[in-house]
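J.: Take a look at this one; I'll ask things after.
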Amino acid sequence: NQCIKYRLNSLCVLGCLAGKNGKVIGQFSDKIVTEKNQYGLGAGCTSEHREDKPHLLKEVDALTFDSLMERAKVPTRYGFLSLDVEGFENEIINEKSFSEHRPAIICIESIDQKVVNTIEQQKYNAVGKIGDNFILRDSTL
């Protein structure tokens, strides 16, 4: 996929994130998964996505951020995290999200300043904003 194509020496992790481990029903296209294109595994758990193409609805495993990091064996310190969870940021990010696994740079798509504040409380500084994407830097580095 695009992540791997342009980051040959990187670990690119695609997964379905949720506030707790379990199952989630959403719009996940097998074509997207098979092609492994830039869209990754199913961006589509909002009510609009589910109403738009009900034939693509399926149940998949969902993991918390920490569980996904552990399962993928992500190092405790790593370079970059891009997070786009379609408005579910408050369910994914909490006050301890970056206590074990700390990216140097975070790019998170969100319209909710509370999410950015939660990340900043974990020793990150907001250094930029592009559209709805906030860029934060680990202030401990």
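The numbers here are math on the coordinates, done by the rules we state, and not lab data. On a predicted model such as this, the values are computed, not experimentally measured, just so you know. Methodologically, a virtual Cβ is constructed for each residue, glycine included, from the backbone with ideal geometry; neighbour enumeration extends over all protein chains shown.
J.: Rounded to the nearest Å, what's the spacing between the alpha carbon centres of the range 94-120 and the range 124-141? Just the number, please.
T.: 9 Å
J.: Could you list which residues have their amide H under 5 Å from that of residue 82, counting only those 5 or more apart in sequence or on another chain, with H placed in the peptide plane?
T.: 107
J.: Rounded to whole Hz and in sequence order, give me ³J(HN,Hα) for the range 122-128 from the Karplus expression 6.51 cos²θ - 1.76 cosθ + 1.60, θ = phi - 60°, writing x for Gly and Pro.
T.: With coefficients 6.51, -1.76 and 1.60, one gets 9, 6, 10, 10, 6, 10, x Hz.
J.: Sequence gap at least 6, Cα distance under 8 Å: using those rules, report the relative contact order of the range 60-140 to the nearest whole percent.
T.: 28 percent
J.: Kindly write out, for the range 112-117 in residue order, the coupling ³J(HN,Hα) from the Karplus curve 6.51 cos²θ - 1.76 cosθ + 1.60 (θ = phi - 60°), rounded to whole Hz, with x marking Gly and Pro.
T.: Coupling constants for the range 112-117: 10, 4, 4, 5, 4, 4 Hz.
J.: While we're looking at this one, here's another question. Kindly list the residues of the range 65-90 that lie in the label zone of residue 99, defined by a backbone N under 13 Å from the point 7 Å along the Cα-to-C-beta vector.
T.: 66
J.: Follow-up. Once the piece of chain linking residue 71 and residue 121 is laid out straight, how much longer is it, given 0.36 nm per residue of separation minus the C-alpha distance between them?
T.: Gain in length upon complete extension: 15.4 nm.
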